[in-house]
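What follows is a single structure, written as structure tokens, with notes after it.
The values are calculated or read from the model by the stated rules, or taken from the named source; none is laboratory data. Just so we're clear, the structure is a prediction, and the values are computed from it rather than from any experiment. Cβ atoms come from the backbone with ideal geometry, glycine included; neighbour counts cover every protein chain shown.
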Amino acid sequence: MKIAIICGSLQPGHDGVGDYTRRLAGELIRLGNEVIAIALNDRHLKAITNETQNADGNNLPVLRIPAAVAEQKRYSLLETHLLNFKPEWISLQFVPYSFHIKGVPFKLFSKLAALKIEAKWHVLFHEVWLDKTERFSQKIVKLLQKAAIYGGLKILKPNVVNTTINYNQQRLNAIGASSSVLGLFGNISPGTGASAVPNGIVHGAANMLYFGGPPRSEYLNQVITGLVAFCESSVKPVNVILVSGNSPAKDVFKNILIEKLSLYGGQVRDMGFLETPELSNLLNNCSVGIVRSEAYFLGKSGSAVAMLEHGLPIWLPKWTDQSPVDYGFRKHLIHASLKEAGNQDHENYSGLLPSIAQQFIIQLVNN
């Protein structure tokens, strides 16, 4: 089967949906399909680029169109590329902010529907519209996002629509859009072969991994409070490993961690940005992964799922009300209590990609 996958960006390690797209494409290629990937609004480069990316050991042809390219030229390039490839299916990996800087991609679906391409459409909603809206501006954005999705599906008329979690399926159903759930796999490929204990790990300590954007506001308080409480009762010193790009917010987080944890003999290791093999090795050697997601959004977090795939117990600081987590994979490794997560044994790697890729293909074949 010939499949073209469209997402926002394909900068390795810097875009979760792009990493998902690459891994999915690689597995589809391994299964005997012909696949290309297209980044329609890539903010990580300035020149239009045709390249081959490594997709879990498979060569993936990629077209990357910079965000700075004018809209008319962008879709002209996309149409030409698709006409040359002649896909049977086009899969849109949708996140509002991937295709529009303010998260309101009103023109996206109509522009795609106008392409002179004889192919069936698949849409996977990694995100839909804003969930928690406190400011008036957020409420307006939420309404506009909902309208863009409702109108867009009417225009594009995709043959298959997926979400990654039940919660977003219910939200789509509420606006009359039928969908099914196609679960997420982790966006961190497993390392190959035996590796030395990675930098950042402290022998004999409770090594806790924080991966991704730094916490802010109430979430920052939840993380710090939970770590301090753990330090007060743990016989092991705590070592927090930060894997995150440089930013003022990360500096604030790191300084607070150092100030608080040093009182208990704890340490903080700032690893910056890590390539996938190094990150996979770190996941295999840590004690606990700290997850940024709300409990009901857990299944759409590629980093959280990657932690679970690697057998790493995870702590959800935002999971404060003990409501059930609507996520079934390795549920025994998911904890609201850091103490419970710290007492959980690490398990062997178990990946979701092969089964999800098979489910993806079955959907296309049956439609």
**Report entry** Residues of the stretch 290-332 classified as closer than 16 Å to Phe185 by Cα and assigned to a loop (DSSP other than H, G, I, E, B), total
**Finding:** 11
Requested in this report: Filter the stretch 118-130 down to the residues that are in contact (Cβ under 8 Å) with a residue 40 or more places away in the chain and within 17 Å of the chain's Cα centre (by Cα), then identify the one that is nearest to Asn367 (Cα to Cα).
Outcome: Leu124
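Suppose we keep only residues that are of a type outside the set (S, T, N, Q) and outside any helix (DSSP H, G or I) within the stretch 333-350. Which one would you say is surrounded by the fewest Cβ atoms within 10 Å (Cβ to Cβ)? Explain how you work it out, then say what you get.
Here is the first cut: in the stretch 333-350, the residues of a type outside the set (S, T, N, Q) are 333-336, 338-342, 345-347, 349.
Then drop every residue that is not outside any helix (DSSP H, G or I), which leaves 334-336, 345-347, 349.
Numbers: Ile334: 23, His335: 20, Ala336: 18, Asp345: 8, His346: 15, Glu347: 15, Tyr349: 14.
The qualifying residue surrounded by the fewest Cβ atoms within 10 Å (Cβ to Cβ) is Asp345.
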Query raised in the report: Restricting attention to the stretch 129-152, which residues are within 25 Å of Ser110 (Cβ to Cβ), touching a helix residue (DSSP H, G or I) at 6+ places or on another chain (Cβ under 8 Å) and either modelled with pLDDT under 90 or not in a loop (DSSP other than H, G, I, E, B) (or both)?
Result: Gln145, Ala148, Ile149, Gly151, Gly152
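Tell me which residues, restricted to the stretch 37-55, are crowded, with 22+ Cβ neighbours inside 10 Å and touching a residue at least 40 places away in the same chain (Cβ under 8 Å). Full working, then the answer.
So the first thing to find is which residues in the stretch 37-55 are crowded, with 22+ Cβ neighbours inside 10 Å, and the list is 37-42, 55.
The answer is Ile38, Leu40, Asn41.
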Report summary line: Picking from Leu92, Leu40, Leu82, Leu60, the residue that is within 21 Å of Asn367 (Cβ to Cβ), outside the structural domain of Gly299 (by TED's automatic domain parsing) and within 23 Å of the chain's Cα centre (by Cα) would be Leu92
Query raised in the report: assigned by TED's automatic domain parsing to the domain that holds Gly151, touching a Gly at 6+ places or on another chain (Cβ under 7 Å) and among the β-branched types (Val, Ile, Thr) - does that describe any residue in the stretch 164-181?
Result: yes
Requested in this report: Inspect all residues belonging to the stretch 307-318 and state whether any of them is surrounded by fewer than 20 Cβ atoms within 10 Å (Cβ to Cβ) and at pLDDT 95 or above.
Outcome: yes
Query raised in the report: When you go through (1) crowded, with 16+ Cβ neighbours inside 10 Å; (2) in contact (Cβ under 8 Å) with a residue 60 or more places away in the chain; (3) closer than 26 Å to Lys116 by Cα one by one for Glu27, which number turns out not to apply?
Result: (3)
